[in-house]
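Q: Take a look at this one; I'll ask things after.
The values are calculated or read from the model by the stated rules, or taken from the named source; none is laboratory data. If you're wondering where the values come from, they're calculated on a predicted model, not measured in any experiment. Cβ placement follows ideal geometry from the backbone for every residue including glycine, while neighbour counts extend to all protein chains displayed.
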Amino acid sequence: MPQRIFKSIRVRLTLSYLLVFGLVQTAACILIVYQRERSASVEFDRNLEEQARSMANVIEIAADGNLTRFDIQKVRQYAKAFGYADFYYEVRTADRELLEKSANLRDHDLEEYLPEQEVLRKQFQTIQQVSGETIDKILGIGGELRLLSYYHIPRNGSPYIIQVALNVQKLHAFNWQLRDSFIRISLLALLAAGLTSWLLSRRSLRPIETIKNQVSDIHVDELSHGIDVEEAGSELFALTNSVNDMLARLDRSFSAQSDFLNHAAHELKTPLAVMLGETQRLRRAPRSVEDYEKNLQEMEQQLLRLAKVVDSLLMLAKARAGTRDLDEAPVSANDFVTEALERCQPIARHRQIRLDASLAYDAESDMEPIVLGDERLLIAMIENLVRNSIRLSAVGSMVRVAVSIVESNVIIAVQDEGPGISDAQMDNLFKAFVSAPVAGRSSGGTGIGLAIVNSVVKLHRGEINVANRVTGGAEFVISLPLQVANEEPLDTDLS
């Protein structure tokens, strides 16, 4: 369950916002607290300095140049005027002899924390934070004093040393109160930021929710409707267009699949209907031997046609299956072209069509037109192209097949001397069950041959182009990647 929660984009966005906000807020709070505590500490020390100088002035006036007979009462009245229960002081001669101290020091003194006389003479004053056994006796266990030792040289008379100290408990209390306030404010700010981030992420992800709802409402027969781009939001414009493009492709694929199944059913149904009709006609009345022979010949032709359609459908399915059933191996274009022409020789002789082959071979480089692919599919590709050209060619004409190597490609060109291909036929030439009409005779084709050719070419990462020749007839040009010796096989996964 926790893993599912953290996989939520909304939760991750909120946590990301909180993390960034928390880091920025923490850095800002640390900086502010540091500056404020430093300022309070400086102010604390400045207060000590002012009290030490004020007391030095009072002593100077009270002593009138003679520390042995200065008025102690004036000093005590000045110290009492502070009104601080945690204010401590001592007055000493330059030789460290104690002259006066505050009553709250009781039987203790601060001499052990007094710097060396030479240090005081050079620096005039030192500030230190002191603790220890003596401070524990004065303040209690764990107490600390901020102590300023001030070396004063009066205008008249001998120099003397003043030590003033304050309990730092108030300073610490102020710092802890400041930190506590910032912690409380930070927690409240994080809570507000978390709620705001949650609402903002919900608003930001609303277009995705819109897309999800629209996609859920789309059925197979409504793929062309697509997603409303305006409702999805401008931020997801590219995603919405991609989904609409995908739905359009799916719609075209389903339509093509439906058309293919309808055409396949029609092609299979026709010979079956003819054979069923002939069988029923034979059973209605006795027939002569000649009638039986004629009907058997008709059924044999329909069975051959049915077998041809089934073979073509299987070949087309194999070619469209991608690399799952592909038996790849390096094969010479000269070899599979020759094999395809030999298979087409019987029908060419029957139609009185001459077949001419021009194979590729470079004697200097000893380079063969090698391609990587399934030899059975490559033979079927050329065989279907040649049969198509024979079907469209007039009696006594010629079908030429030329193999060549151009840069890094193997080029196979199939030319005929037929009527060519009309502009209307060009657009649907490689679709299944589209057969070009042949003047004066039945086409004799299944309409699947060129669809097989196109699928095999694409499966082998090739290209096929068709154009009408100036001298008459059509020319199909296939380009396949040349497989050089010791070269790694091409990745032909089209799935």
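Q: If you scan the stretch 120-161, which residues turn out to be at pLDDT below 85 and aromatic (Phe, Trp, Tyr)?
A: Listed by number, the residues that qualify are Phe124, Tyr160.
Q: Hey, another quick one. Checking Ser201 against (1) within 60 Å of the chain's Cα centre (by Cα); (2) of a type outside the set (A, V, I, L, M); (3) assigned by TED's automatic domain parsing to the domain that holds Tyr88: exactly one of these is not met. Which one?
A: (3)
Q: Something else about it: Looking at the stretch 124-215, what strands (runs of 3 or more DSSP E) fall wholly within it and have at least 2 residues that are hydroxyl-bearing (Ser, Thr, Tyr) and buried (at least 17 other Cβ atoms within 10 Å of the Cβ)?
A: Ranges flagged: 145-152.
Q: Oh, and also: Give the residues of the stretch 6-58 that are hydroxyl-bearing (Ser, Thr, Tyr), assigned to a helix (DSSP H, G or I) and at pLDDT below 85, sorted by residue number.
A: Answer for the stretch 6-58, where residues must be hydroxyl-bearing (Ser, Thr, Tyr), assigned to a helix (DSSP H, G or I) and at pLDDT below 85: Thr14, Ser16, Tyr17, Ser54.
Q: Take the residues of the stretch 276-311 that are in contact with a helix residue (DSSP H, G or I) (Cβ under 7 Å, 6 or more places away or on another chain) and at pLDDT below 75: which is nearest to Ile452 (Cα to Cα)?
A: Val309
Q: Here's something else I'd like to know. Do any residues in the stretch 275-287 that are among the hydroxyl-bearing types (Ser, Thr, Tyr) have Cβ atoms under 8 Å from those of residues that are assigned to a helix (DSSP H, G or I), where the two are at least six apart or on different chains, and which pairs are they?
A: Thr279/Met299
Q: Among the residues of the stretch 113-122, write down those that are surrounded by 12 or more Cβ atoms within 10 Å (Cβ to Cβ) and either of a type in the set (Phe, Trp, Tyr) or in a helix (DSSP H, G or I) (or both).
A: Within the stretch 113-122, Tyr113, Gln117, Val119, Leu120, Arg121 qualify.
Q: Do you know which of the residues in the stretch 472-491 that are of a type in the set (Gly, Ala, Ser) and surrounded by fewer than 22 Cβ atoms within 10 Å (Cβ to Cβ) is modelled with the highest pLDDT?
A: First, pick out the residues of the stretch 472-491 that are of a type in the set (Gly, Ala, Ser): 472-474, 479, 485.
Then drop every residue that is not surrounded by fewer than 22 Cβ atoms within 10 Å (Cβ to Cβ), which leaves 472, 479, 485.
On the way: Gly472: 86, Ser479: 94, Ala485: 57.
Per the criteria, the residue is Ser479.
Q: Conditions: (1) more than 23 Å from Ala360 (Cα to Cα); (2) modelled with pLDDT of 90 or more. Val403 meets all but one. Number of the miss?
A: Of the numbered conditions (1) more than 23 Å from Ala360 (Cα to Cα); (2) modelled with pLDDT of 90 or more, the odd one out for Val403 is (1).
Q: From the list Ile390, Ile411, Ile379, exactly one residue is surrounded by 18 or more Cβ atoms within 10 Å (Cβ to Cβ) and part of a strand (DSSP E or B). Which is it? Outline the logic, then answer.
A: On the way: Ile390 fails: part of a strand (DSSP E or B); Ile379 fails: part of a strand (DSSP E or B).
Testing whether each residue is surrounded by 18 or more Cβ atoms within 10 Å (Cβ to Cβ) and part of a strand (DSSP E or B) leaves just Ile411.
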